[in-house]
Amino acid sequence: MTDPRPLLFFDSGVGGLSVLAAAQRLLPKAPIVYAADSAGYPYGTKSEAEIAARVPALLGRLVERYHPRLVVIACNTASTIALAHVRSALDLPVVGTVPAIKPAALLSKTRAIGVLGTEATIRQPYVDRLAAEFAADCLVLRHGSAELVDLAEAKLRGQDTDPAAYARILDGLTGQPGGERIDTVVLACTHFRLVEPELAAARLLTYVDGADGIARRIAYLTDGQSWPDAPSPGIAVFTRLDDSVERLRPALGNFGLARIERL
């Protein structure tokens, strides 16, 4: 007997597609539901209280509709703020996304790390704890950029983006005292992996994110479970449908998401 229950990926926008891609490489037959809270986008400029209330409520509705076997919060901001709330509300495995400070500390030769995320993520005490536990011997500098989230969304809609914008955003890290020593940057927002080539073109550094580690965690938690014999068309769910979602259709198709629905 095959099990048709999907994996449910959740983000404020399209950033979580970077995590979905990593999971699809390990689990190519997994049915997929990808949910984007387009009505609540962007999360990075919202308050902790807003996110802590909104995310568990939306995921409760999504789980009720799609009956997934596992939920992936493919969003650093939502994970650092609402992961505990979601896990207490749902009776199924929930995988979160955390800034990849530990692998960055292992890679850095100059012992100087940049953490590039949203404003909401970089100010979380959880990031302080990760830095203290795994990068205590490193200089850890942070920079929040809502603009980079928008650039990633624009790229997936097929729009051209300004190369100078990526250099300017990275200057927010390297322009801080000690920032010239940075050799490794944590992409602490799932959107940012989508524009890693543009960041690398602006500044040749080592860029690290958690997508592959999340994919391995999903594979571990579903080990031994059955999957359909062949991949089925995935579903992309949005909390608001408008022209910007329609412009995402070609990019969604590249991730096997053939159907678009509204929550």
Note to self: For a quick check of your reading: which helices (runs of 4 or more DSSP H) sit entirely within region 158-251 and have at least 3 residues that are among the small types (G, A, S) and more than 16 Å from the chain's Cα centre (by Cα)?
What the structure shows: 163-174, 196-202
Next item on the list: Among residues belonging to region 137-152 that are farther than 27 Å from L252 by Cα and not basic (K, R), point out the one that is surrounded by the most Cβ atoms within 10 Å (Cβ to Cβ).
Entry: V140
Note to self: Looking at region 99-115, can you tell me whether even one residue there is open to solvent by less than 30 Å² (accessible area, probe 1.4 Å) and farther than 19 Å from H143 by Cα?
What the structure shows: no
Item checked: Pairs where the first residue, in region 218-237, is under 11 Å from P6 (Cα atoms) and acidic (D, E) and the second is open to solvent by less than 40 Å² (accessible area, probe 1.4 Å) and in a loop (DSSP other than H, G, I, E, B), C-beta under 7 Å, 6+ apart -> none
Checklist line | Hits in region 64-81 - residues which are surrounded by fewer than 24 Cβ atoms within 10 Å (Cβ to Cβ) and without any contact (Cβ under 8 Å) to a residue 40 or more places away in the chain | finding: E64
Margin query: Only one of G40, G44 is in contact with a Lys or Arg (Cβ under 8 Å, 6 or more places away or on another chain), under 27 Å from V195 (Cα atoms), of a type in the set (G, A, S) and surrounded by 18 or more Cβ atoms within 10 Å (Cβ to Cβ). Can you tell me which?
Written below: G40
Notebook entry, point to check: Within region 97-107, which residues are in contact (Cβ under 8 Å) with a residue 12 or more places away in the chain and either assigned to a helix (DSSP H, G or I) or out of contact with any helix residue (DSSP H, G or I) (no Cβ under 9 Å at 6 or more places or on another chain) (or both)?
Noted result: I101, K102, P103, A104, A105, L107
Next item on the list: Pull up region 26-70, narrow it to residues that are touching a helix residue (DSSP H, G or I) at 6+ places or on another chain (Cβ under 7 Å) and acidic (D, E), then point me to the one that is nearest to R87 (Cα to Cα).
Entry: E48
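The values are calculated or read from the model by the stated rules, or taken from the named source; none is laboratory data. Note that the structure is a prediction, hence the values are computed from the model and not measured. Neighbour counts are summed over all protein chains in view; Cβ atoms, including those assigned to glycine, are modelled from backbone coordinates with ideal geometry. Ligands, DNA and RNA are stripped out before the accessible areas are found, and what is left, the full protein with its side chains, is counted by its heavy atoms. Shrake-Rupley method; radii C 1.70, N 1.55, O 1.52, S 1.80 Å.
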